[in-house]
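Encoded as structure tokens, the structure appears first; notes follow it.
The values are calculated or read from the model by the stated rules, or taken from the named source; none is laboratory data. Note that this is a predicted model, so its numbers are computed, not measured. All Cβ positions, glycine included, derive from the backbone under ideal geometry; neighbour counts span all protein chains shown.
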Ligand code: BG6
Ligand code: MG
């Protein structure tokens with residue numbers, strides 16, 4: 001039986017992919033190349049710097065390490081402008097209900113996200129209080145598919161990996177959860193999340 005639930009943030013609890021997309025697209029526009037929503041799929045679950053490298057690769061552009069830091073910062077400034085306006089209406093269907101349901105059952109809840117803006121977003125959408133632990137991009141050194149983020153979350157909950165379940169929408173995140181030795185529920189389509197123990201379209205299917 002599961003004692004802990006670890007949630008990815010972007011694409012599982014909130015739909016921030018559209019804001020990441022808009023912010024990256026502005027950089028691409030400035031460089032003068034097209035960055036499509038299909039390209040944006042490659043950024044899901046991936047760290048900010050790695051995302052920038054993928055964007056540069058799409059545009060066939062190469063810049064110095066120093067410029068990369070400046071561009072990543074510029075992207076984040078734009079992204080912050082979008083997420084500052086977020087509220088509870090941007091929680092994905094079923095997210096809040098499912099978190100409450102788990103709480104009622106005594107399941108401990110942690111966040112396991114690559115984002116350095118995770119704590120801010122949890123506050124904005126009003127679910128920060130539901131988390132017993134928050135592990136995000138400010139706390140981990142190794143990005144998904146490395147299991148670090150989930151192992152740390154499980155440890156902060158005071159549990160063992162086989163007592164935890166992970167909820168993930170990104171392929172790299174599912175791989176990280178498997179590597180951590182946890183039960184994994186893919187949120188999205190079996191087409192790319194087939195490695196998960198179970199795949200559902202959204203948390204609303206579980207909150208039901
Ligand atoms: C992940 C997103 O949750 O966080 C990625 O899926 C994003 O798209 C990554 O690049 C890092 O986010 P941030 O907020 O630290 O730039
Ligand atoms: Mg995600």
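The rows are residues; the columns are (1) farther than 26 Å from residue 79 by Cα; (2) within 16 Å of ligand 2 (Cβ to nearest atom); (3) surrounded by fewer than 18 Cβ atoms within 10 Å (Cβ to Cβ).
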site: 116; (1), (2), (3): no, yes, yes
site: 133; (1), (2), (3): no, no, no
site: 140; (1), (2), (3): no, yes, no
site: 155; (1), (2), (3): yes, no, yes
site: 168; (1), (2), (3): no, yes, no
site: 177; (1), (2), (3): yes, yes, no
site: 187; (1), (2), (3): no, yes, no
site: 194; (1), (2), (3): yes, no, yes
Residue under question is residue 4, and the condition is that it be near ligand 1 (Cβ under 9 Å from one of its atoms) and surrounded by 14 or more Cβ atoms within 10 Å (Cβ to Cβ); does it hold?
no
So which residues in region 83-112 are surrounded by 15 or more Cβ atoms within 10 Å (Cβ to Cβ) and assigned to a loop (DSSP other than H, G, I, E, B)?
86, 92, 94, 107
Being within 16 Å of ligand 2 (Cβ to nearest atom) and either over 16 Å from residue 23 (Cβ atoms) or not in a loop (DSSP other than H, G, I, E, B) (or both) is the filter; apply it to region 44-82 and report the residue that is nearest to the chain's Cα centre (by Cα).
45
Residue 11 vs. criteria under 18 Å from the mean Cα position of the chain (by Cα), touching a residue at least 40 places away in the same chain (Cβ under 8 Å) and over 22 Å from residue 138 (Cβ atoms):
no
Among the residues listed as 141, 176, 172, 195, the single one being over 17 Å from residue 113 (Cα atoms) and either in a helix (DSSP H, G or I) or in contact with a helix residue (DSSP H, G or I) (Cβ under 8 Å, 6 or more places away or on another chain) (or both):
195
Answer yes if at least one residue in region 98-110 is within 16 Å of ligand 1 (Cβ to nearest atom), under 23 Å from residue 43 (Cβ atoms) and at pLDDT 95 or above, and no otherwise.
no
Whether any residue in region 51-71 is closer than 30 Å to residue 161 by Cα and within 16 Å of ligand 1 (Cβ to nearest atom) is what I want to check.
yes
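Only one of 119, 172 is under 17 Å from residue 49 (Cα atoms) and within 14 Å of ligand 1 (Cβ to nearest atom). Can you tell me which? Walk me through it before giving the result.
Numbers: 119 fails: under 17 Å from residue 49 (Cα atoms).
Checking each option against the conditions leaves just 172.
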